[in-house]
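Notes to accompany the following structure.
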């Protein structure tokens, strides 16, 4: 049985001053923390999905984090997680306790971010709890790209996630 542990967020955000859209996850999974880059689980659909939406060939991958980060920046996308630390069991969002948010305000204040998209219900819930009133930006819930969200086919995910393209240059 997995034990609960206190974990600090190990990754720097992917961000620059030209970003117009911020995609927020909840907290890095065990696989992501092991990989050292966002959406590191081999079955997470984030990188293939973004590759399709942005028409990037060959598809982005956690195997080439520098290219993935560069492509996001080139398309005006910032990427981070809502939580800076928490107590968690394995990768289970439902086990998160004593969550502490990342400080989005200073980064948003000096940016061109127009809209926030939350990758899954947990990210959305914590964004509402910790940031929505402070930042006063439009924000939306998108279906999670996690392999645990098997109810959403790749096609349905692509349809739902196309909305991010509306705010990109």
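The values are calculated or read from the model by the stated rules, or taken from the named source; none is laboratory data. Note that this is a predicted model, so its numbers are computed, not measured. Cβ placement follows ideal geometry from the backbone for every residue including glycine, while neighbour counts extend to all protein chains displayed.
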Residue 53 fails exactly one of (1) farther than 30 Å from residue 109 by Cβ; (2) touching a residue at least 24 places away in the same chain (Cβ under 8 Å), namely (1)
Every listed condition ((1) surrounded by fewer than 21 Cβ atoms within 10 Å (Cβ to Cβ); (2) in contact (Cβ under 8 Å) with a residue 60 or more places away in the chain; (3) touching a helix residue (DSSP H, G or I) at 6+ places or on another chain (Cβ under 7 Å); (4) assigned to a strand (DSSP E or B)) holds for residue 140 save (2)
Looking only at the stretch 104-121, decide whether some residue is touching a helix residue (DSSP H, G or I) at 6+ places or on another chain (Cβ under 6 Å), farther than 20 Å from residue 15 by Cβ and outside any loop (DSSP other than H, G, I, E, B).
no
Filtering the stretch 105-126 for residues that are without any contact (Cβ under 8 Å) to a residue 60 or more places away in the chain and surrounded by 14 or more Cβ atoms within 10 Å (Cβ to Cβ) leaves a count of 3
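If you scan the stretch 62-71, which residues turn out to be surrounded by fewer than 17 Cβ atoms within 10 Å (Cβ to Cβ) and part of a loop (DSSP other than H, G, I, E, B)? Can you show your working first?
Going through the stretch 62-71, the residues surrounded by fewer than 17 Cβ atoms within 10 Å (Cβ to Cβ) turn out to be 63-64, 66-67, 70.
Listed by number, the residues that qualify are 63, 64.
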Flagged in the stretch 10-34 as outside any loop (DSSP other than H, G, I, E, B) and either touching a residue at least 60 places away in the same chain (Cβ under 8 Å) or touching a helix residue (DSSP H, G or I) at 6+ places or on another chain (Cβ under 9 Å) (or both), in numbering order, are 14, 21, 22, 23, 24, 25, 30, 31
> Hey, does the stretch 35-58 have a residue that's modelled with pLDDT of 95 or more, within 25 Å of residue 7 (Cβ to Cβ), in a loop (DSSP other than H, G, I, E, B) and touching a strand residue (DSSP E or B) at 6+ places or on another chain (Cβ under 9 Å)?
Replying inline: yes
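Hey, any hits in the stretch 72-87 for a residue that's part of a helix (DSSP H, G or I), touching a strand residue (DSSP E or B) at 6+ places or on another chain (Cβ under 9 Å) and modelled with pLDDT of 95 or more?
Quick first cut of the stretch 72-87, residues part of a helix (DSSP H, G or I) only: 72-74.
Within this subset, residues satisfying the condition of being touching a strand residue (DSSP E or B) at 6+ places or on another chain (Cβ under 9 Å) are 72-73.
Going one step further and asking which of them are modelled with pLDDT of 95 or more, we end up with 72-73.
The answer is yes, given that some residue of the stretch 72-87 is part of a helix (DSSP H, G or I), touching a strand residue (DSSP E or B) at 6+ places or on another chain (Cβ under 9 Å) and modelled with pLDDT of 95 or more.
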Taking the stretch 150-159 and keeping residues over 15 Å from the mean Cα position of the chain (by Cα) and either in a helix (DSSP H, G or I) or surrounded by 16 or more Cβ atoms within 10 Å (Cβ to Cβ) (or both) leaves 152, 154, 155, 156, 158, 159
